[in-house]
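**Q** Right, I'll just put the structure down here and ask away after.
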Amino acid sequence: MDLLKQMQTLALFQGVPLEKLEALAERALYRTYKAGEMFIGDTDPAHAFYVIITGQVKLYKSSPEGREQTLNLLGPGDPFGMCTAFAIESFPANAMALEESGILLIPGPVMEAVAMKEPRLLVNIIQILSNRLREAMSLVESLSLKEIPQRLASFFIHALKQDAGQGTNVLELTVTQRELAKILGSTPEALSRAVRKMSNARPTVVSPMPADETTRDSIRSESRPANGEKTACTIGCAMSTSPACCGLSALMYCR
C-alpha cells in the first residue's frame with residue numbers, strides 16, 4: 001500500500017507540506033485486524049498515533065463484571081490514540097475492530113517531532129480533539145440525564161448531522177443490536193423494549209417488514225427537509241435469528 005498517497009487523502013493531514021508527510025510515511029506502519037479482534041487494551045503501553053484507513057473500530061471501556069460502554073465508533077479517516085502519542089504512556093480504552101480493518105500507525109516521537117515544526121498539523125489535531133471533547137460531553141449528558149428512547153433519538157440525530165455533507169437524507173447503520181446497545185449504555189433487551197415502546201407511542205406508524213436471513217440489525221433513519229413539518233426517522237429491524245428483534249419497521253416522528 002502507498003501510505004503517502006493514503007495520508008494525502010486524510011483530513012488530518014490536509015494543508016501539511018509534502019516533505020512533512022514523507023517524513024511521517026517513512027516511519028509509519030500499516031496493520032490489518034480481523035473483525036472482533038481487540039488490538040489495544042486499556043492497560044497496554046502505547047506511544048503511537050493511529051488512523052483508520054479501512055473498516056470500523058470501536059473504543060470502549062469494560063468492567064470486571066463484563067459490562068461494556070462504547071466511547072467512540074470510528075471509521076475510515078478517523079484518528080485515535082492522540083493522548084498516548086503526546087502525553088500518557090498507556091492507552092485509556094480498549095480498541096476493537098468491528099470488521100476487518102486497516103490501521104495506519106505512526107510512532108509517537110515521530111508524530112511529535114513533525115507536529116512541533118508544522119502548525120497546520122497541530123491545528124488539525126486540535127480541531128479533532130475539540131470535536132471529541134464535545135462528543136464526550138454529549139455522551140455524559142446522554143448517559144446521566146436521558147432515558148433510552150431519548151438516547152436513541154439523540155444518536156440518530158447526531159449521526160444524521162455527521163452524514164449531512166454527503167447529500168443524502170438516509171442514514172444506514174451497520175452495527176448490530178448488541179453494539180448499538182453498548183453505544184447507548186443499555187442492554188439489547190432494554191433497547192428492544194424501548195423500540196417497541198416508541199413504536200406503540202403516538203404519533204407512530206408501524207408496518208410489517210419481511211424478515212430475512214441477515215445476521216445484523218438493519219437500522220435505517222431518514223430525515224426530511226426542515227419546512228415546518230416534523231422530522232421522520234425510520235427504524236427498520238430485520239433479524240430472523242433473534243427474537244429480540246421484532247421484524248418491524250417503525251416510523252417515528254421526532255419533535
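The values are calculated or read from the model by the stated rules, or taken from the named source; none is laboratory data. Please read these numbers as outputs of a predicted model, since none were measured by experiment. Glycine gets a Cβ as well: all are built from the backbone with ideal geometry, and neighbour counts include every protein chain shown.
**Q** Restrict the check to the stretch 17-27 and report whether at least one residue is crowded, with 18+ Cβ neighbours inside 10 Å, outside the structural domain of Arg151 (by TED's automatic domain parsing) and closer than 30 Å to Phe156 by Cβ.
**A** no
**Q** If you check Ala35 against the conditions, is it of a type in the set (A, V, I, L, M, F, W, C), in contact with an Asp or Glu (Cβ under 9 Å, 6 or more places away or on another chain) and free of Cβ contacts under 8 Å to residues at least 24 places away in the same chain?
**A** no
**Q** Ok, one more. Can you tell me which condition Tyr30 does not meet? The list is (1) touching a helix residue (DSSP H, G or I) at 6+ places or on another chain (Cβ under 9 Å); (2) at pLDDT below 95, and all the others hold.
**A** (2)
**Q** Could you please let me know if Phe39 is aromatic (Phe, Trp, Tyr) and over 19 Å from Glu100 (Cα atoms)?
**A** Answer is no for this residue.
**Q** So, Leu59, is that one surrounded by 18 or more Cβ atoms within 10 Å (Cβ to Cβ) and either outside the structural domain of Leu105 (by TED's automatic domain parsing) or over 23 Å from Leu139 (Cα atoms) (or both) or not? Spell out how you get there, then give the answer.
**A** Working: surrounded by 18 or more Cβ atoms within 10 Å (Cβ to Cβ): yes; either outside the structural domain of Leu105 (by TED's automatic domain parsing) or over 23 Å from Leu139 (Cα atoms) (or both): no.
When the stated conditions are applied, Leu59 does not pass them.
**Q** Answer yes or no as to whether Tyr50 is surrounded by 17 or more Cβ atoms within 10 Å (Cβ to Cβ), in the same structural domain as Gly75 (by TED's automatic domain parsing), modelled with pLDDT of 95 or more and not aliphatic (A, V, I, L, M).
**A** Values: surrounded by 17 or more Cβ atoms within 10 Å (Cβ to Cβ): yes; in the same structural domain as Gly75 (by TED's automatic domain parsing): yes; modelled with pLDDT of 95 or more: no; not aliphatic (A, V, I, L, M): yes.
It is false that Tyr50 is surrounded by 17 or more Cβ atoms within 10 Å (Cβ to Cβ), in the same structural domain as Gly75 (by TED's automatic domain parsing), modelled with pLDDT of 95 or more and not aliphatic (A, V, I, L, M).
**Q** To continue, here is another question. Would a scan of the stretch 33-44 turn up a residue that is in contact with a Gly (Cβ under 7 Å, 6 or more places away or on another chain) and surrounded by fewer than 19 Cβ atoms within 10 Å (Cβ to Cβ)?
**A** no
**Q** Another one. Between residues in the stretch 61-75 that are closer than 15 Å to Leu98 by Cβ and residues that are surrounded by 18 or more Cβ atoms within 10 Å (Cβ to Cβ) and of a type in the set (Val, Ile, Thr), which pairs lie under 6 Å by C-beta distance while being six or more apart or on different chains?
**A** Listed by first residue and then by second, the contacts come to Thr70/Ile183; Leu74/Ile52; Leu74/Val57.
**Q** Further, regarding this structure: Of the residues that sit in the stretch 77-97 and are touching a helix residue (DSSP H, G or I) at 6+ places or on another chain (Cβ under 8 Å), crowded, with 20+ Cβ neighbours inside 10 Å and of a type in the set (A, V, I, L, M, F, W, C), which one is farthest from Ser63 (Cα to Cα)? Outline the logic, then answer.
**A** Applying the first criterion (touching a helix residue (DSSP H, G or I) at 6+ places or on another chain (Cβ under 8 Å)) to the stretch 77-97 yields 77, 79, 82, 84-86, 90-92.
From what is left, the residues that are crowded, with 20+ Cβ neighbours inside 10 Å are 79, 84-85, 91.
Next, from what is left, pick out any that are of a type in the set (A, V, I, L, M, F, W, C): 85, 91.
On the way: Ala85: 25, Phe91: 16 Å.
Ranking the qualifying residues of the stretch 77-97, first place goes to Ala85.
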